[in-house]
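The values are calculated or read from the model by the stated rules, or taken from the named source; none is laboratory data. Source: prediction; values computed, not measured. Counting neighbours? That spans all protein chains shown, and the Cβs are built from the backbone with ideal geometry, glycine included.
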Amino acid sequence: MSKFYTQDLFDKNNHDKLGIHVEKMPENLFSYLKDNINTKSFVPHNSSLAGNIKEEYNIYNLLTSELHNYLVRLTFKPVFEGALQEYQILTSDRGFVVNSLWVNYMKKYEFNPIHYHDGLFSWVIVVKIPYDYEKELELAPGKNANQNVTSCLSFHTTHVLGGIQSCHFALKKEHEGQIIFFPSRMRHSVYPFYTSDDYRITISGNIYLDPDRKA
Ligand SMILES: [Fe+2]
């Protein structure tokens, strides 16, 4: 039963209900990032992040104009119209700018507690999932729990009665190359995985408004 507690990351209805956008990244941008994050010659980014993860690195110097423009274009997806209308604070429109970019190398048992980001929009790019999700379900300590959320990326929002509800996305190997794009203030968290000694690799960052950039 717990198997069906999680939501399918490929189901657009789940994204629309939650107010996020998920898509496959352009192949060239994904390959570029994947090929260039492996040197680990980057500056640690831990003190700026909530993750209880040893290896987190600033990779802002990998930001190209093509990657920047791709990320900024995602803010114009229809699902975000409502979120943007919440910010009635500018006297005239300003442009978006990608202001941070980092990579997480997550090992088993590490986790990211409930947190939110600075900026207006943020993302998680799924670079590498080292475990087999079916094996995770079988071997995780939550196997017999009514919520086996091993290895999930979870979003926490309020429901119509004002209570907190969580949406748990199981991240699987088949999701490598997907980008999960969401309003920065949405609370989210990542649960540990247990069945691989390899890294789970994700890339995240934030988009801000730039006062010097006209929309
Ligand atoms: Fe985050």
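S196 - would you say it is at pLDDT 95 or above and crowded, with 17+ Cβ neighbours inside 10 Å? No; evaluated as a whole, the condition is false for this residue. Taking residues in segment 92-121 that are touching a residue at least 60 places away in the same chain (Cβ under 8 Å) and within 11 Å of the ligand (Cβ to nearest atom), and partners anywhere that are among the basic types (K, R) and outside any strand (DSSP E or B), the pairs with Cβ atoms closer than 8 Å and at least 6 places apart or on different chains are Y116/R185; H117/R185. Only a single criterion out of (1) more than 15 Å from F111 (Cα to Cα); (2) out of contact with any His (no Cβ under 9 Å at 6 or more places or on another chain) is not satisfied by Y199, namely (1).
In the condition set (1) β-branched (V, I, T); (2) more than 26 Å from K173 (Cβ to Cβ); (3) surrounded by 22 or more Cβ atoms within 10 Å (Cβ to Cβ), I89 is compliant with all but (3). For the residues S41, S31, the requirement of being within 19 Å of the chain's Cα centre (by Cα), free of Cβ contacts under 8 Å to residues at least 24 places away in the same chain, under 30 Å from D197 (Cβ atoms) and more than 16 Å from the ligand (Cβ to nearest atom) singles out S31. For segment 129-149, the count of residues that are aliphatic (A, V, I, L, M), farther than 24 Å from F42 by Cα and under 14 Å from the mean Cα position of the chain (by Cα) is zero.
Contact annotation: residue pairs with Cβ atoms under 8 Å, 6 or more positions apart or on different chains, pairing a residue in segment 177-203 that is in contact (Cβ under 8 Å) with a residue 12 or more places away in the chain with a partner that is buried (at least 22 other Cβ atoms within 10 Å of the Cβ) and among the basic types (K, R), are F193/R200.
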